[in-house]
Amino acid sequence: MYCSEAKLDVRYGETDQMGVVYHANYIIYMEVGRVQLMKDLGFVYADLEDIGYVSPVMDLQVSYKAALRYGQTVTIRTWIEKHERVRTTYGYEILHEDGTVAATATSVHALVTKDGLRPVALRKVAPEWDAAYVEAAKK
């Protein structure tokens, strides 16, 4: 399966009183990874919104392993674990600079119409995108 990588620097405002990255910020890091994966495959999420579709989170699982701190550079690895008709499951590893795993996660997203939140198959609205996801999930 294809694995994308994104890097970012932990900002002070992302930390809590203990000096570690606040747990909810890992979800933002996952979004950075997803957007990079889409970009690497040649697509832009905003293009789906422009034609009337959104991809809300249906499920989210995060396991925290080793705290991240202000000033560290983080690597976010993202891949497609499963791509189905209406749902896509993304996998993530968030890593310290030395490769230590800070967190692992999965998120499940559905594709729905923006106005009525009705489920729709990606292959019907963006067949090239769907084909790229099917291929990326195999590699």
Item to complete: Please build a GNM for the chain, connecting alpha carbons under 10 Å apart, and tell me which residue among 38, 58, 18 fluctuates the most.
Response: 18
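Report the gain in length on full extension from residue 18 to residue 70: 0.36 nm times residue separation, minus Cα-Cα distance, nm rounded to one decimal.
Contour length minus the Cα-Cα distance gives 17.6 nm.
Please work out how much length the chain gains when fully extended from residue 84 to residue 113, using 0.36 nm per residue of separation minus the C-alpha to C-alpha distance, in nm with one decimal.
Extra length available between residue 84 and residue 113 comes to 8.8 nm.
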Worksheet entry | Angle between the chain longest axis and helix 25-40 axis [Cα atoms, degrees, rounded to 10] | 50 degrees
Worksheet entry | the chain, dipole about Cα centre (Lys/Arg Cβ +1, Asp/Glu Cβ -1), debye to the nearest 20 | 340 debye
Worksheet item: Suppose every K and R has +1 on its Cβ and every D and E has -1 on its Cβ; what is the size of the dipole of region 59-139 about the Cα centre, in Debye to the nearest 20?
Response: 260 debye
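How high is the relative contact order of the chain, in percent, counting Cα pairs under 8 Å that sit 6 or more residues apart?
Value for the chain: 29 percent.
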Discussion item. If I fit a long axis through the Cα atoms of helix 127-138 and take the longest principal axis of the Cα atoms of the chain, what angle between them do I get, 0 to 90°, rounded to 10?
Written reply: 50 degrees
Worksheet entry | residue 101 versus residue 58: modelled label distance in nm, points set 7 Å from Cα along the beta carbon direction | 2.5 nm
Worksheet item: Mean residue ellipticity at 222 nm from the helices of the chain, using -39,500 (n - 2.57) per DSSP H segment of n ≥ 4 over the full residue count, to the nearest 500 deg cm²/dmol?
Response: -8000 deg cm²/dmol
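Every number here is computed from the coordinates shown, using simple stated rules; none is lab data. Please read these numbers as outputs of a predicted model, since none were measured by experiment. Virtual Cβ from ideal backbone geometry, glycine too; neighbours counted across all protein chains shown.
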